[in-house]
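The values are calculated or read from the model by the stated rules, or taken from the named source; none is laboratory data. Only a predicted model underlies this, so the values are computations on that prediction, with no experimental measurement involved. Cβ atoms come from the backbone with ideal geometry, glycine included; neighbour counts cover every protein chain shown. Heavy atoms of the whole protein, side chains included, go into the accessibility calculation; ligands, DNA and RNA do not. Shrake-Rupley method; radii C 1.70, N 1.55, O 1.52, S 1.80 Å.
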Amino acid sequence: MADEKSIEQMSLNDNSAVAASAIEDVVDPWNVSTSSATGVDYDKLITRFGSSKVQPALIERFETVTGHRAHHLLRRGIFFSHREFDNILTLHEKGKPFYLYTGRGPSSEAMHIGHLIPFIFTKWLQEVFDVPLVIQLTDDEKFLWKDLKLEECRRLAKENIKDIIAIGFDPAKTFIFTDFDYMSSVPEFYRNVIRVQRCVTFNQAKGIFGFDDSSCIGKIAFPAIQAVPSFSSSFPHIFGDKKDIQCLIPCAIDQDPYFRMTRDVAPRLGFRKPALLHSTFFPALQGAQTKMSASDPNSSIGLTDTDKQIKTKINKYAFSGGGATTEEHREKGGNCDVDISYQYLTFLLEDDERLEQIRKDYTSGELLTGYLKKELIEILQPLIGAHRERRKAVTDETVKEFTTPRKLNYTPSNPTAAS
Ligand code: TYM
């Protein structure tokens, strides 16, 4: 009952916060928008969602515990918020197992570069921690939310799996599944779905996800399906009968409502609450008021875009924080906080010193927008080009290798630690 109350309280808090800042920021799994040119106010979001800021001390602890330098996405505050990441570091320190879980809703054939961010980061986490990874493709979610035929959702899921594999995951440690296939083949998964569904009332689901009386019942029941990959007992072929292995979910913060709900019901079911690492959004080309969207190809750089398309899109659409004329720019300088090319460089340019030099020179007016765009194009073209090549090499056989339910090669996260 206490938990029932806490989820209700959480929803109420969330709703009142939404009302207070509705004019500026909307962030949920289906919509992201703000009226501010500098993008979503992420500090406010931390308060609203009740997560914790990734503080320098946590990054330091990560580096000490793992012996690895933090990824630039972590160092630069792009993965800015977390829930219990410190606990994951403790597990690693003690040599206790945990696993990674992330996902994709296959609503379009071509994923965009924003979607790559959580996957690139997840791949790095997997390499650092040497732990199993499960990746969920919610083809059922897209069938319920988008005007798509069921077979089309299944096809898009298969296409997206190829893009995900092309990121370079290790097949010995990675299991990729689609809901339509996995739900009908592994009974333990569906049993957990039903357990979660019994714990959450319609009233609570309305509070968390904004459902109303016209929402179809499939949508109302769906969040349980995104919740249960957080529980190790949903994957008996990987974890046997262990139901207490914690998971860590890297994702952008739009997915947090699903996992607030999951964390609330987990203890009632005797499961571990998932830990999370949340990223900011890779903004749309037109400006940080919205995130990149696959449904508007001109707002995004797609993973299938050609070199020419990349160049044209950046030159034509990437919002500039520069002055209206060269003279004005030289005099007043550029504004990196709103300049989309600079924002993209913070996600993609690994060299800290170079990025800082660009920031200084653009802010002082020495560098023009055209230079930033050129720099960005020179990073994007080989990055997307290499992805296109790796994707071409993914065959149906490779897909089968990743999607067959099987044992993964997992050892305690830090086998050298004292037990
Ligand atoms: P989807 O397909 O909308 O997004 C896939 C992943 O990409 C993140 N994301 C972004 N990250 C940075 N910048 C952006 N512009 C951007 N747009 C999307 C999302 O947060 C997500 O991590 N329901 C989910 C699929 C899912 C899932 C999960 C995601 C199922 N289980 C577990 C994360 C973790 C969805 O539709 O994601």
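For the residue pair R388 and R191, what label-to-label distance in nm results when each label sits 7 Å from Cα along the Cα-to-beta-carbon direction?
4.8
Each residue of segment 274-289 in order: what ³J(HN,Hα) in whole Hz does its phi give by Karplus 6.51 cos²θ - 1.76 cosθ + 1.60, θ = phi - 60°, with x for Gly and Pro?
Each residue of segment 274-289 in turn: x, 8, 9, 10, 9, 9, 6, 9, 6, x, 5, 4, 6, x, 7, 5 Hz.
Please identify, among A224, A37, A157, the residue showing maximal mean-square fluctuation in a Gaussian network model of the chain using a 10 angstrom Cα cutoff.
Highest fluctuation of the listed residues: A37.
So, R0 is 51 Å and r is the distance between the beta-carbons of E152 and K374; what FRET efficiency does that work out to, to 0.05?
Numbers: r = 39 Å, r/R0 = 0.76.
Efficiency, from the Cβ-Cβ distance: 0.85.
With Cβ to Cβ distances under 11 Å as the rule, what net charge do the other residues near T306 carry (K, R +1; D, E -1)?
On the way: positive: K308, K311, K313, R388; negative: D305, D307.
Local charge sum for T306: +2.
If you plug each phi of segment 215-232 into the Karplus form 6.51 cos²θ - 1.76 cosθ + 1.60 with θ = phi - 60°, what whole-Hz ³J(HN,Hα) values come out, in order, with x for Gly and Pro?
6, 5, 5, x, 5, 5, 7, 4, x, 4, 6, 7, 6, 6, x, 6, 10, 4
Once phi is turned into ³J(HN,Hα) by the Karplus curve 6.51 cos²θ - 1.76 cosθ + 1.60 with θ = phi - 60°, what whole-Hz value does each residue of segment 27-41 show in order, with x for glycine and proline?
Values, residue by residue: 9, 8, x, 10, 9, 9, 7, 8, 8, 8, 5, 8, x, 4, 7 Hz.
Using a 1.4 angstrom probe on heavy atoms only, work out the carbon and sulfur share of the accessible area of the chain in %.
The computed percentage sits at 52.
Comparing T403, T325, T306, which has the greatest mean-square fluctuation in the GNM of the chain with Cα pairs linked when under 10 Å apart?
It is T325.
Going by Cα centres, segment 343-410 and segment 185-199 are how many Å apart?
Taking the Cα centre of segment 185-199 as reference, the centre of segment 343-410 is 38 Å away.
What lysines does K96 reach when the alpha-carbon gap must be under 19 Å and sequence neighbours fewer than 8 apart in one chain are set aside?
K173, K242, K243, K273, K407
Could I get the Rg over Rh figure for segment 204-350? Both from C-alpha atoms, Rh via Kirkwood, rounded to two places.
On the way: Rg = 21.3 Å, Rh = 18.9 Å.
Radius of gyration over Kirkwood radius for segment 204-350 works out to 1.13.
Amide H of G287 versus every other amide H placed in the peptide plane: which residues, excluding those fewer than 5 positions away on the same chain, fall under 5 Å?
Excluding prolines and chain starts, which carry no amide H, the hits are F319.
Can you check what the net charge comes to around L89, using other residues whose Cβ is under 14 Å from the Cβ of L89 (Lys, Arg +1; Asp, Glu -1)? Don't skip to the end; give the middle numbers.
Details: positive: R61, R83, K94, K96; negative: E60, E63, E84, D86, E93.
After counting each charged neighbour, the total is -1.
Considering amide H positions built from the backbone, and no H for Pro or chain starts, which residues 5 or more places from A252, or on another chain, come under 5 Å of its amide H?
Those lying under 5 Å, H to H, from A252 are S279.
Any chance you could give the angle, 0 to 90 degrees and rounded to 10, that helix 369-392 forms with the longest Cα principal axis of the chain?
40
Of A252, A172, A266, which is the most mobile in a GNM of the chain whose springs link Cα atoms less than 10 angstrom apart?
A172
So what is the accessible area of segment 148-260 per residue, in Å², with the probe set to 1.4 Å?
Working: 4150 Å² over 113 residues.
Ligands and nucleic acids excluded, the result is 37 Å² per residue.
Could you give me the percent of Cα pairs per 5 Å distance bin for segment 291-387, shortest bin first, beginning at zero and ending with the bin that holds the maximum distance?
Histogramming segment 291-387 at 5 Å steps yields 2, 14, 24, 24, 17, 12, 5, 1, 0 percent.
Using 1/(1 + (r/R0)^6) with R0 = 35 angstrom and r between the beta carbons of T404 and T306, what's the FRET efficiency to the nearest 0.05?
Details: r = 33 Å, r/R0 = 0.96.
Once rounded, the FRET efficiency stands at 0.55.
To the nearest 10 square angstrom, how much accessible area does M261 have with a 1.4 angstrom probe?
About 10 Å², ignoring ligands and nucleic acids.
Taking only Cα atoms, what is the 0 to 90° angle, nearest 10, from helix 187-199's long axis to the longest principal axis of the chain?
Helix 187-199 sits at roughly 80 degrees to that axis.
Less than 19 Å apart at the alpha-carbon level, and either on another chain or at least 8 residues along: which lysines does that give for K158?
Correct list for K158: K142, K146, K149, K392, K400.
How high is the relative contact order of segment 241-290, in percent, with contacts defined as C-alpha pairs under 8 Å that are six or more residues apart?
Averaging sequence separation for qualifying contacts and normalising by length gives 44 percent for segment 241-290.
Grab the beta carbon distance between E331 and T38, set R0 = 22 Å, and tell me the FRET efficiency rounded to 0.05. Intermediate values should be presented prior to the final figure.
Numbers: r = 22 Å, r/R0 = 1.00.
With R0 = 22 Å, the Cβ-Cβ based efficiency is 0.50.
Using all C-alpha to C-alpha distances in the chain, build P(r) with 20 Å bins and read off the rounded percent in each one.
All Cα pairs considered, the percentages come to 25, 59, 15, 0.
Just the accessible area per residue of segment 312-419, please: how many Å² with a 1.4 Å probe? Could you put the intermediate results ahead of the total?
On the way: 6080 Å² over 108 residues.
Accessible area per residue: 56 Å².
Between K96 and residues 5 or more places away or on another chain, which pairs have amide H atoms under 5 Å apart, with H built 1.01 Å from N, and which residues are they?
Those qualifying (amide H under 5 Å, at least 5 residues apart or on another chain) are S413, N414.
For segment 34-96, what is the Kirkwood estimate of the hydrodynamic radius, computed as the reciprocal of the mean inverse distance between distinct Cα atoms, to one decimal in Å? List each step's numbers first, then the result.
Numbers: mean 1/r = 0.0770 Å⁻¹.
Radius from the Kirkwood sum: 13.0 Å.
Ranking request for peptides 175-182, 356-363, 124-131: highest mean number of other beta-carbon atoms within 10 Å first, then the rest in descending order. Each step should come with its number before you reach the end.
Values: 175-182: 22.0, 356-363: 16.5, 124-131: 19.4.
So the peptides 175-182, 356-363, 124-131, ranked by packing, come out 175-182, 124-131, 356-363.
Determine the calculated [θ] at 222 nm for the chain from helices alone, applying -39500 (n - 2.57) to every DSSP H run no shorter than 4 residues and normalising by the residue count; nearest 500 deg cm²/dmol. Intermediate results must be reported in sequence, preceding the final value.
Working: 21 runs with 216 residues, N = 419.
Theoretical 222 nm ellipticity from helices: -15500 deg cm²/dmol.
Among 368-375, 198-205, 230-237, how do they line up by average Cβ neighbours within 10 Å per residue, starting with the highest?
Values: 368-375: 18.5, 198-205: 16.2, 230-237: 23.0.
So the peptides 368-375, 198-205, 230-237, ranked by packing, come out 230-237, 368-375, 198-205.
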